[in-house]
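Accompanying notes for the structure given below.
Rule-based calculations on the coordinates, nothing more; no lab input. Remember, predicted model here, so these are calculated numbers, not experimental data. Methodologically, a virtual Cβ is constructed for each residue, glycine included, from the backbone with ideal geometry; neighbour enumeration extends over all protein chains shown.
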Amino acid sequence: MIKLSPSDLTFLWDECKRCFYLKQINKFTRPSTPMPAIFIKIDGLMKVYFEGKLTSEFTSDLPHGVIQHGDKTVYSQLINLAGHSLECYITGRFDTVVKFDDGSYGVVDFKTSTPKPDNLAFYGRQLHAYMYALENPAPGKLSLSPVSKLGLLVVEPNAIDKTGDGRIAYLGGVTYQDVPRDDSAFLAFLSDVLTVLEQPDPPPPADNCPWCQYRQAARLNML
């Protein structure tokens, strides 16, 4: 039974499938790399600012609703995919969920960046994982359904100004980037993940994986 985190399905899977395999199967994880404290602070400020806001206050690209569920943990039921011996489940902590007036929900990730079309496919995997867990929760876990929207809320700082009380403020636009929901593609991706994890040996390292390069260099130095 494999525990899959939405962030690992996004970042670690793309960075190095060998490291992904070693973490999931051998419980051999990379050393932790702390996020710079300033980015953690910015992320926290964004969550506090947007909590309780109406979508109409910052974008016209979302249906009318209110940001209502922030920074909560999801935990899916067991996932059994045809043709696979391994079972898996998804657990992780999302940025925010919007409750729309029609009773459906939107799963949204906050980003401080420049809006880029390339980000949609990359982060879409993570958003689909949160969506799946919310619509297919384990007993007693958070359930929010149906999920009608997935997307990124991107704040791009592009100016600095002085406020009335003498403080400095970063100013920037807010862009909503929609991620089309594709359940079939997400389940096919999970099938690919399980195919790798069911192999008797880990896959080759990624060419640019610094952790695999370090481990290999350490082995050679010990010979």
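Observations
- Of the chymotrypsin sites (Phe, Trp or Tyr not before Pro) found in segment 1-89, those in coil by DSSP whose Cβ has at most 16 other Cβ atoms within 10 Å are PHE28.
- Where Rh is the Kirkwood radius over Cα pairs, Rg/Rh for segment 1-72: 1.13
- Within segment 48-127, GluC sites (Glu not before Pro) in DSSP loop having at most 14 other beta-carbon neighbours inside 10 Å: GLU51, GLU87
- Cα→Cβ-extended label distance, 7 Å offset, between ALA138 and ARG93, nm: 1.7
- Under Karplus coefficients 6.51, -1.76 and 1.60, residue-wise ³J(HN,Hα) of segment 198-204 in Hz, glycine/proline x: 7, 5, x, 10, x, x, x
- Considering only the Cα atoms of segment 176-223, their convex hull presents on average a projected area of 5.9 nm².
- Taking each DSSP H run with n ≥ 4 as -39500 (n - 2.57) and averaging over every residue of the chain yields -10000 deg cm²/dmol at 222 nm.
- Debye equation applied to the C-alpha atoms of segment 17-128, log10 I(q)/I(0) at 0.18 Å⁻¹: -1.17
- Taking the DSSP bridge list for segment 2-221 and keeping only pairs wholly inside it, about 70 percent are antiparallel.
- Short-range pairs are left out: with C-alpha atoms under 8 Å and at least six residues apart, the relative contact order of segment 123-223 is 20 percent.
- Stokes-Einstein D in µm²/s, Kirkwood radius over Cα pairs - segment 99-223 at 10 °C with 1.306 mPa s viscosity: 86
- 5 angstrom amide H check on GLY92, placed H, neighbours 5+ away: VAL74
- Within segment 132-208, the trypsin sites (Lys or Arg not before Pro) that combine a DSSP coil assignment with at most 11 other C-beta atoms in a 10 angstrom radius are ARG167.
- Compactness relative to 2.2 N^0.38 Å, alpha carbon Rg of the chain: 1.15
- Relative contact order of the chain, pairs being alpha-carbon contacts under 8 Å that are 6 or more residues apart, as %: 21
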